[in-house]
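This report refers to the structure that appears directly beneath it.
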Amino acid sequence: MAREFTFVIEKNLGVLSESTKGWKKELNLVSWNGGKAKYDIRDWSPEHDKMGKGITMNEEEIQLLKDFLKDIG
């Protein structure tokens with residue numbers, strides 16, 4: 001049986017790409033199950049009612065990612 005969960009996209013930080021079917025890979029601040037919002041990268045349907053697999057990161061992890069990207073860019 002599928003587990004129910006809730007989410008609230010608190011802030012859209014940007015769209016990374018868009019598929020031909022309208023799904024967008026986005027960077028958002030998302031609160032999952034009423035918890036503190038985390039940075040989240042995943043594909044979303046046009047209505048934001050369906051989502052693909054993604055990754056969530058806290059503030060410390062997003063800062064490390066930023067540093068890693070700065071080093072390779």
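A few remarks follow.
- Extension gain for Lys11 to Lys50 (0.36 nm times residue separation, less C-alpha to C-alpha distance): 12.3 nm.
- C-alpha long axis of helix 59-72 to longest principal axis of the chain, angle in °: 50
- Only helical runs count toward this figure. For the chain, summing -39,500 (n - 2.57) over DSSP H runs of n ≥ 4 and dividing by all residues gives -6000 deg cm²/dmol at 222 nm.
- Annotation: amide H of Phe7 within the under-5 Å range of Asn33, sequence separation 5 or more or interchain, hydrogens built in the peptide plane.
- Cα Rg, Dmax (largest Cα-Cα span) when computed across the chain, Å: 13.4, 44
Every number in this text was worked out from the coordinates using simple rules, so none of it is lab data. Model, not experiment: these values are computed from the prediction.
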